[in-house]
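Take a look at the structure set out below.
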Amino acid sequence: AMLSTVGTLFGEMDRDTAANMAHRVKGSVWTAELFGHKVSDPMAALESTTTAARFHWPLIASIALPVLVTLILGRVYCGWMCPMNLFFEINDKLRSLLAKTGYNVRNVRFGRQTKYVVLGVGLAVAYIVGIPVLSLLYPPAIMSREVFYRVYRGAFGGGVLILAAMCLFELILSRRWWCRYVCPGGAVYTGLSFLRRLRISRNDAKCDRCGDCVPICPYDLRPMTTDLNADCDQCGQCVSACAPGALVYEFDIARPGVGRAAEKKTAA
């Protein structure tokens, strides 16, 4: 089954080539081995280290690439690589369709600091009981387990119900609730993103204040009126929605995480 999957993904290849590829790329989005190099989600390393109450240096080294990418590009994992993000985006489209039918979808808002509380409490519990509890709720970890269960046991586990409950909650009660307010992995990536070099910056000379970027932002960051903070996942939806040049990607080498507009306010 694994060889058939590799063949489907990479086109026609002989059995030996497929087997070699399968051995060189293995693991999951939680932790994997890519061409002989270990790569782990920073959330996995953080919780594992807390649970064991000691540093396992090979594990720490395996987060070097994700951390470096986040320090340069910001919270791109959430917007471009998290496997659950695709399902949340589809769910968001369904929410829009549901609203068009006349159903009164609600949008309950929570504090943006909630994800840090979830992260802190989860790590504290993991340290006390010695069990990585956050991995039981973190969508990338859940999806990795469910794929394993399906391939090797022939059926999905209870994690599917957890993911379905998240989607249902977002569908009818709170738009993009998990990513905006709760995700402990998002809290880790947001913390690292305060030092990011790439950001979306607003060009006041070309911004016509149309407001198209406000409702389209999945994180409700309002790029028309405020500088995008570290919660931004660099998805670029606001850039596409606005007039050409109104919102642009730019590298801020001198002062990472601080946009031009913020610099102008500071100078004033």
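The values are calculated or read from the model by the stated rules, or taken from the named source; none is laboratory data. The model shown is predicted, which means the values in this text are computed figures rather than measured ones. Glycine also receives a Cβ, built like all others from the backbone with ideal geometry; neighbour counts cover every protein chain displayed. For the accessible areas, the whole protein counts, side chains as well, though only heavy atoms, and no ligand, DNA or RNA atoms are used. Shrake-Rupley method; radii C 1.70, N 1.55, O 1.52, S 1.80 Å.
Criterion first (among the aliphatic types (A, V, I, L, M) and touching a residue at least 60 places away in the same chain (Cβ under 8 Å)) does ALA141 satisfy it?
Yes; evaluated as a whole, the condition is true for this residue.
Which numbered condition in (1) touching a Gly at 6+ places or on another chain (Cβ under 8 Å); (2) open to solvent by 80 Å² or more (accessible area, probe 1.4 Å) is the only one that GLU33 fails?
With (1) touching a Gly at 6+ places or on another chain (Cβ under 8 Å); (2) open to solvent by 80 Å² or more (accessible area, probe 1.4 Å) applied to GLU33, the lone miss is (2).
Among the residues in region 108-115, are any assigned to a helix (DSSP H, G or I), at negative phi and under 15 Å from the mean Cα position of the chain (by Cα)?
Looking for residues that are assigned to a helix (DSSP H, G or I), at negative phi and under 15 Å from the mean Cα position of the chain (by Cα), one finds at least one in region 108-115, hence yes.
Taking the options TYR77, TYR116, name whichever one is open to solvent by less than 90 Å² (accessible area, probe 1.4 Å) and either at pLDDT 95 or above or in contact with a Cys (Cβ under 7 Å, 6 or more places away or on another chain) (or both). So that I can check it myself, show each step before the final result.
Numbers: TYR77 fails: either at pLDDT 95 or above or in contact with a Cys (Cβ under 7 Å, 6 or more places away or on another chain) (or both).
Going through TYR77, TYR116 in turn, just one is open to solvent by less than 90 Å² (accessible area, probe 1.4 Å) and either at pLDDT 95 or above or in contact with a Cys (Cβ under 7 Å, 6 or more places away or on another chain) (or both): TYR116.
Could you figure out which of (1) farther than 21 Å from SER174 by Cβ; (2) open to solvent by less than 50 Å² (accessible area, probe 1.4 Å); (3) in a helix (DSSP H, G or I); (4) not acidic (Asp, Glu) isn't true of VAL125?
Condition (2) is where VAL125 drops out.
Looking at region 175-213 only, could you name the residues that are outside any loop (DSSP other than H, G, I, E, B), open to solvent by 30 Å² or more (accessible area, probe 1.4 Å) and at pLDDT below 90? Outline the logic, then answer.
Let us first name the residues in region 175-213 that are outside any loop (DSSP other than H, G, I, E, B), namely 177-182, 184-193, 198-202, 213.
Now narrow it down to the ones that are open to solvent by 30 Å² or more (accessible area, probe 1.4 Å): 177, 191-192, 202.
The one that is outside any loop (DSSP other than H, G, I, E, B), open to solvent by 30 Å² or more (accessible area, probe 1.4 Å) and at pLDDT below 90: ARG202.
Among LEU59, LEU98, LEU65, which is closer than 27 Å to LEU171 by Cα and assigned to a helix (DSSP H, G or I)?
Sole residue among the options that is closer than 27 Å to LEU171 by Cα and assigned to a helix (DSSP H, G or I): LEU98.
Counting just the residues of region 165-174 that are in a helix (DSSP H, G or I) and open to solvent by 20 Å² or more (accessible area, probe 1.4 Å), which one comes out farthest from PRO139 (Cα to Cα)?
ILE172
Just the residues that are open to solvent by 30 Å² or more (accessible area, probe 1.4 Å) and under 18 Å from CYS82 (Cβ atoms), please, taken from region 149-164.
Across region 149-164, the qualifying residues are VAL160, ILE162, ALA164.
How do the pairs read when you match residues in region 226-255 that are more than 14 Å from VAL214 (Cα to Cα) and free of Cβ contacts under 8 Å to residues at least 40 places away in the same chain with residues anywhere that are assigned to a loop (DSSP other than H, G, I, E, B) and of a type in the set (Lys, Arg), using Cβ under 8 Å and keeping only pairs 6 or more apart or on different chains?
Hits for this filter: PRO244/LYS206.
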